Amino acid sequence: MKKMIYSALIVGSCATLWAADAPKLGYKDTPIIPGTSWHVHDGDRPQPRLVTTGASFSHLAPAPSDAVILFDGKQLGNWQQGDGSPAKWKIEDGYMEVAPKTGSIRTKNKFADFQLHIEFATPIKVDGNSQGRGNSGILLNGVYEIQVLDSYNNPTYPDGQCGGLYGQSPPLVNASKAPGQWQSYDIIFESPRWDKDSKIMKKASVTLIHNGVLLHHKKEYAGTTPHRANGNYDRPHPAEMYIELQDHNNPMRFRNIWLRSIGEYDKP
Ligand code: MG
């Protein structure tokens with residue numbers, strides 16, 4: 001019955017009004033994502049359900065003793081611009097903040113398979129909407145993005161919301177906190193591997209926990225994560241690559257960033 005009413009609305013005169021009033025989310029002129037029936041950034045893809053998390057990140061959790069500290073809240077010595085010059089983002093009270101239009105920054109060191117902890121806050125002053133609101137990103141190996149976005153009451157296309165593997169896989173749920181609140185990502189990432197003939201042998205994969213809630217479990221990237229296009233594995237790169245934080249013109253904040261490489265118990 002519901003279906004019939006819905007259909008009647010679609011074909012009836014209301015359809016025009018609906019279309020005019022509905023916010024435009026995403027794209028329909030992009031390629032189909034292989035293995036799905038959805039376009040890249042398809043606004044009609046189901047929205048992840050909301051989960052309220054009790055986890056509080058108002059206090060910094062100390063890093064494990066064997067972690068590499070990538071950002072201690074005081075200086076950006078472990079980070080640089082894409083051209084190798086010193087990182088231009090601001091340091092404030094224990095956090096770094098994107099200086100819009102200065103460019104993305106990346107780690108000086110390179111890592112293959114790792115556990116990464118990072119905390120972030122979207123701007124407390126809400127400005128813009130959809131992809132224009134509180135946008136940044138964590139680019140693993142520099143090319144596989146985990147989206148960082150203000151997804152608190154901010155509709156956007158599901159594969160571009162906070163925790164999405166950009167343009168590919170929406171998060172299992174939306175566990176975002178309100179603007180200005182500190183949030184966390186705990187990321188387990190494994191780099192892709194190619195054989196000597198440049199054939200992909202093992203795709204990049206990620207497990208992602210956002211504010212204590214699982215968003216992806218051993219999820220494989222379909223490839224790189226470009227805007228409005230399907231990514232691929234056409235350009236082999238070393239297993240060890242840098243991690244990049246994206247400048248998307250919003251004053252996003254990051255703090256307490258640490259990493260532990262994944263090894264064997266007897267070979268850390
Ligand atoms: Mg982004």
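The values are calculated or read from the model by the stated rules, or taken from the named source; none is laboratory data. This is a predicted model, so every value here is computed, not measured. A quick note on method: Cβ atoms are made from the backbone with ideal geometry, for glycine too, and the neighbour counts reach across all protein chains shown. Ligands, DNA and RNA are stripped out before the accessible areas are found, and what is left, the full protein with its side chains, is counted by its heavy atoms. Shrake-Rupley method; radii C 1.70, N 1.55, O 1.52, S 1.80 Å.
Rolling a 1.4 Å probe over the protein heavy atoms gives the chain an accessible area of 52 Å² per residue. Phi angles across the stretch 154-162 convert, under the Karplus curve 6.51 cos²θ - 1.76 cosθ + 1.60 with θ = phi - 60°, into 3J(HN,Hα) values of 9, x, 7, 5, x, 7, x, 8, 4 Hz, Gly and Pro given as x.
Largest first, the residues Ile33, Ile91 sort by 1.4 Å accessible area into Ile91, Ile33.
The order of the peptides 54-61, 130-137 by mean Cβ neighbours within 10 Å, most packed first, is 130-137, 54-61.
What's the magnitude of the charge dipole for the stretch 2-261 around its Cα centre, counting Lys and Arg as +1 and Asp and Glu as -1 at the beta-carbon? Answer in Debye, nearest 20. In total the dipole reaches around 300 debye.
Taking the DSSP beta bridges with both ends in the stretch 2-261, the antiparallel portion is around 95 percent. Simple rule: put +1 on each Lys or Arg Cβ and -1 on each Asp or Glu Cβ in the stretch 2-261, find the dipole, and look at Val148, Pro62, Asn256; the Cα lying farthest toward the positive end is Val148.
Residue pairs exceeding 22 angstrom between C-alpha atoms, taken from Lys110/Lys203; Lys28/Lys219; Lys28/Lys125; Lys74/Lys108; Lys177/Lys203; Lys199/Lys219: Lys28/Lys219; Lys28/Lys125; Lys177/Lys203.
The convex hull drawn around the Cα atoms of the chain, when projected onto a plane and averaged over every direction, covers 17.0 nm². Where Lys and Arg each count +1 and Asp and Glu each count -1, what net charge lies around Leu259 among other residues with Cβ under 15 Å from its Cβ? Neighbour charge sum, excluding Leu259 itself: -3. Accessible surface for Asp266 stands near 90 Å², nearest 10, in the context of the full protein assembly shown (1.4 Å probe). In the stretch 2-261, a dipole from Cβ-located charges (positive for Lys and Arg, negative for Asp and Glu) runs towards its positive end, and of Pro192, Met241, Thr30 it is Thr30 whose Cα lies farthest in that direction. Based on C-alpha pairs under 8 angstrom that are at least 6 apart in sequence, the chain has a relative contact order of 26 percent. Let me know the shape class of the stretch 188-268, please: from the alpha-carbon gyration tensor, a ≥ b ≥ c as square roots of the eigenvalues, rounded when a/c is under 1.5, otherwise prolate if a/b is greater than b/c, or oblate. Since a/c reaches 1.5 but b/c is at least a/b, the shape of the stretch 188-268 is classed as oblate.
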